[in-house]
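The values are calculated or read from the model by the stated rules, or taken from the named source; none is laboratory data. From a predicted model like this one, the values you see are computed outputs, not experimental measurements. Because the Cβ atoms are built from the backbone with ideal geometry, glycine has one as well, and the counts that use them run over all protein chains shown. Heads up: the accessible areas ignore ligands, DNA and RNA and are worked out on the full protein's heavy atoms, side chains in. Shrake-Rupley method; radii C 1.70, N 1.55, O 1.52, S 1.80 Å.
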Amino acid sequence: MAALVRPARFVVRPLLQVVQAWDLDARRWVRALRRSPVKVVFPSGEVVERKRAPGKQPRKAASEASAQEQRKKSPLEESASHAPSTWEESGLRYDKAYPGDRRLSSVMTIVKSRPFREKQGKILLEGRRLITDALKAGAVPKMFFFSRLEYLKELPVDKLKGVSLIKVKFEDIKDWSDLVTPQGIMGIFAKPDHVKMAYPKTQLQHSLPLSLICDNLRDPGNLGTILRSAAGAGCSKVLLTKGCVDPWEPKVLRAGMGAHFQVPIINNLEWETVPNYLPPDTRVYVADNCGLYAQAQMSNKASDHGWVSNQRLLKFQKYEEEEDVETGASQDWLPDVEVQSYDSDWTEAPAAVVIGGETDGVSLESLQLAESTGGKRLLIPVVPGVDSLNSAMAASILVFEGKRQLRGRAEHLSRDRSYH
């Protein structure tokens, strides 16, 4: 048995050595085929140097170059191949929010509450278009939350210096967003000051001697629509008295569609200070029909016209019919303000129109201001039986009617000058 085993071992060894040698030769040939020659030497002695493909470097040089690029790479340049040169030179950096990061939730809690907004002096802007309009108008950004770097690169680089940039998950933005389709970027801005804002030149060129005063307007959608109409008509400014909804509330911003950065907005005013924000010789007109029955100029039933609720109307009627117990004379409580149709001429002097809220209508202070400035009530007739017009609709009708009258007056004056 020993004699039989020995020859078997002797036969296997050469086979193993042959297989290993063949395997090594095969590997060498494959490696040689993969190599691209730098020079080709012909039998005649001629040497031809081969050119590399553009952008191709030797393996060692390429690895060294990539290592240097990684060291120089800014954290903002996650995709260096798509990064513009402006971003490379800006040196901007951003932080990435990891699980458990509470910066987004803490900031959203502040900007979504009116008391906190007024105390901290910050507002929330959402969407690339609204943020871009704010930056162009000179609003001061404090912090940006974004889900994709491309959204941030669409904004002006010079406006982002010194701003906290935080990348978060899109799901986190979606949880705090008020939009049906979130756009993946939110901006925290300092509350804009109308004095420091730079409004569009085209808006200033088409500005009219017409102001809008919102009195106790509480519906965010209506206020946003009113601001949009005021900007479209060319109103010089919009004043908001105390009791109005905050114009920087997210719902108002969404309904305004950028109007906040096209027309000056001055809010939270006391009625005593309103005349300080109006041009001299301004006449204040009131879009209201409360107490119309007392003058009986347009209808026998005041509730057939206008956009003031019957509850407000009955309250005014009660006060007007009160009599002084001691003298027996009726109290002249409600200011005597004449009523005229909205399409009659009322823009011969700088004008301001007061729009009241849907529930309570205009205040007594607005009627007193109209009386003291020589203004009137503006009546938009509606079909009998209709309780009220929407405040935003009434404001739109009046500001564009004022624009029509001012344009007609300007054309009339130009014709007179051409004749002379």
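The Cβ shell under 14 Å around residue 115 holds other residues with a net charge of +3, Lys and Arg each +1, Asp and Glu each -1.
How far, in nm, would the chain grow between residue 338 and residue 386 when pulled straight, counting 0.36 nm per residue and subtracting the alpha carbon separation? Each step should come with its number before you reach the end.
On the way: separation 48, 0.36 × 48 = 17.28 nm, distance 2.27 nm.
Full-extension gain reported as 15.0 nm.
The residues of the stretch 86-190 expose on average 54 square angstrom of accessible surface per residue, using a 1.4 Å probe on protein heavy atoms.
Backbone amide hydrogens, once placed in the peptide plane, bring residue 185 within less than 5 Å of 127, excluding anything fewer than 5 places away on its chain. Distance distribution P(r), the stretch 173-229, all Cα-Cα pairs, bin width 10 angstrom from 0: 15, 31, 40, 14, 1 percent. Modelled spin-label separation between residue 179 and residue 205, with each label point placed 7 Å from Cα along the Cα-to-Cβ direction: 3.0 nm. Over the C-alpha trace of the stretch 86-190, radius of gyration and Dmax come out as 13.2, 40 angstrom. By its C-alpha gyration tensor, with a ≥ b ≥ c as the square roots of the eigenvalues, how is the stretch 338-388 shaped: rounded for a/c under 1.5, else prolate for a/b larger than b/c, else oblate? Cα axes put the stretch 338-388 in the oblate bin.
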